[in-house]
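The values are calculated or read from the model by the stated rules, or taken from the named source; none is laboratory data. Quantities reported herein were computed from a predicted structural model and do not represent experimental measurements. Every residue, glycine as well, gets a Cβ built from its backbone with ideal geometry; the counts of neighbours run over all protein chains shown.
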Amino acid sequence: MKSLALKRVREIKPYQPGKPIEEVRRELGLRQVIKLASNETPFGPSPKVLKAIVDAAKKVNRYPDSGCFYLRQALSRRLRVPGNQLIFGNGSDEIIVLAIRAFVHPGDEVIIARPSFLIYDIAAKAAGAKVRSIPLQDFRYDLDGMAAAVNQRTKIIFIGNPDNPAGTYVSERPLLAFLKRIGKKILVFIDEAYFEYVLAKDYPNSIKLLKKFPNVLIARTFSKMYGLAGLRVGYGVAHADVIDILNRLREPFNVNSVAQAAALACLQDQAFYRRCAKLIESQRQVLYRDLEALDLRIVKTVTNFILVDVKQKSQNVVRRLLERGVIVRDMGFWGLDTFLRVTIGTEKENEKFIKVLREVL
Ligand SMILES: Cc1ncc(COP(=O)(O)O)c(C=O)c1O
């Protein structure tokens, strides 16, 4: 088969997921494997969420509620935005894909940072867009560089806030100045997958920005702090007109019923999840100390993962860690040949990671 569209598809570098624990166990014959590779929380669902999952599982013979009525109602109340300014997705990945499907056509341009979350690049290229990727400056967004890359064909600018893999964020003032400079014709997609972990005082309240900037689309997820990565549920918040367009393009049953029930229960069990986030926060400090004691360079993060410069080819270090039952992510694919990204785990997991890393180095 030969066609321009297929040629384009073949040029896309496939997404590289973190290796599943079971696969590593099977392939390497290891009994104990820990996964610190996909920015998941190490904590399972709270007892209340687990109960909601079990209850919902009993009714999976029925199609899910296409409009996510109860989840929409709860989130609308929590965020203080009307229900018609919300859209739910099969993970926030789907919100990214929907935005591109709606607003980007072959020949259009999309601006992203480099390195950044891979799906922006993959989904934009799949739509036939040209991707302009603007290098981070000292692991932070170069908003001037991004604004300078705008032209007539630019349709979406992606801002991962905080972004993956750097773990850094864009603060309120520069974000505001950037939005003013960009104008209202280009969609600015603010991806806040990790926002629940951010404690910084100057982190923008993006929901407030929606009143002034109808071209902003915010995406969030239940995959990270809320720990529902395996169920797939995320959401977008934007002007009702933007949501209406996305809504027309989504599949009718894109969020399954168990995921809807679990997400709703997460919102109702904040205390549990705040405690989990606090544990991650204190473990972040422990990992900083231990990694620095190994004389490694770290990028200070506001998330549940840390970018670490191991000062040698990280591919080898990551492989040796894997052979000893610790899965982390090699950053070579992102062009960071001496870096790995480690997700902050439980105290025990982090201790094992540091112990094994010390041996490997
Ligand atoms: C920056 C960022 N955005 C979005 C996502 C997608 O998360 P999900 O589709 O599970 O909601 C991820 C997941 O790794 C991410 O790192």
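Any idea which of Ser314, Ser282 is closer than 30 Å to Glu22 by Cβ, more than 20 Å from the chain's Cα centre (by Cα), among the polar types (S, T, N, Q) and surrounded by 15 or more Cβ atoms within 10 Å (Cβ to Cβ)?
Details: Ser282 fails: surrounded by 15 or more Cβ atoms within 10 Å (Cβ to Cβ).
The unique qualifying residue is Ser314.
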Would you be able to say whether some residue in region 345-359 is of a type in the set (A, V, I, L, M), out of contact with any Phe, Trp or Tyr (no Cβ under 8 Å at 6 or more places or on another chain) and not in a helix (DSSP H, G or I)?
no
Looking at Arg329, is it surrounded by 23 or more Cβ atoms within 10 Å (Cβ to Cβ) and either closer than 24 Å to Gln285 by Cβ or touching a strand residue (DSSP E or B) at 6+ places or on another chain (Cβ under 9 Å) (or both)?
yes
Picking from Ser257, Ser314, the residue that is more than 20 Å from Ser38 (Cα to Cα) and of a type in the set (Ser, Thr, Tyr) would be Ser257
Close pairs from region 346-361: first under 13 Å from Leu287 (Cα atoms) and in the same structural domain as Gln283 (by TED's automatic domain parsing), partner assigned to a loop (DSSP other than H, G, I, E, B) and among the aromatic types (Phe, Trp, Tyr), Cβ under 8 Å, at least 6 apart:
Thr346/Phe43
Failed item, numbered, when Phe88 is tested on (1) under 29 Å from Asp144 (Cβ atoms); (2) within 12 Å of the ligand (Cβ to nearest atom)
(1)
Elements of type helices (runs of 4 or more DSSP H) in region 81-165, at least 2 residues being touching a residue at least 60 places away in the same chain (Cβ under 8 Å), surrounded by 22 or more Cβ atoms within 10 Å (Cβ to Cβ) and of a type outside the set (Phe, Trp, Tyr):
92-103
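A quick yes/no check of all residues on (1) away from the ligand (no atom under 12 Å from the Cβ); (2) free of Cβ contacts under 8 Å to residues at least 60 places away in the same chain:
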site: Ala193; (1), (2): no, no
site: Tyr197; (1), (2): no, no
site: Ala200; (1), (2): yes, no
site: Pro204; (1), (2): yes, yes
site: Leu210; (1), (2): yes, no
site: Ala219; (1), (2): no, no
site: Met225; (1), (2): no, no
site: Leu228; (1), (2): no, no
Residue selected from region 232-279 under the condition aromatic (Phe, Trp, Tyr) and within 25 Å of Asn205 (Cα to Cα), by the criterion nearest to the ligand (Cβ to nearest atom)
Tyr235
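Could we say that Arg358 is modelled with pLDDT of 95 or more and under 19 Å from the mean Cα position of the chain (by Cα) here?
When the stated conditions are applied, Arg358 does not pass them.
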Modelled with pLDDT of 95 or more, part of a loop (DSSP other than H, G, I, E, B) and touching a helix residue (DSSP H, G or I) at 6+ places or on another chain (Cβ under 9 Å): does that describe Leu246?
no
Quick one: in region 185-225, of everything that is part of a strand (DSSP E or B) and of a type in the set (A, V, I, L, M, F, W, C), which residue is surrounded by the most Cβ atoms within 10 Å (Cβ to Cβ)?
Leu217
Some residue of region 249-257 being β-branched (Val, Ile, Thr) and either surrounded by 20 or more Cβ atoms within 10 Å (Cβ to Cβ) or not assigned by TED's automatic domain parsing to the domain that holds Arg72 (or both)
yes
Based on this model, can you work out whether Pro64 counts as more than 16 Å from the ligand (Cβ to nearest atom), surrounded by fewer than 12 Cβ atoms within 10 Å (Cβ to Cβ) and at pLDDT 95 or above?
no
Is there a residue in region 15-34 that is touching a residue at least 60 places away in the same chain (Cβ under 8 Å), more than 21 Å from the chain's Cα centre (by Cα) and at positive phi?
no
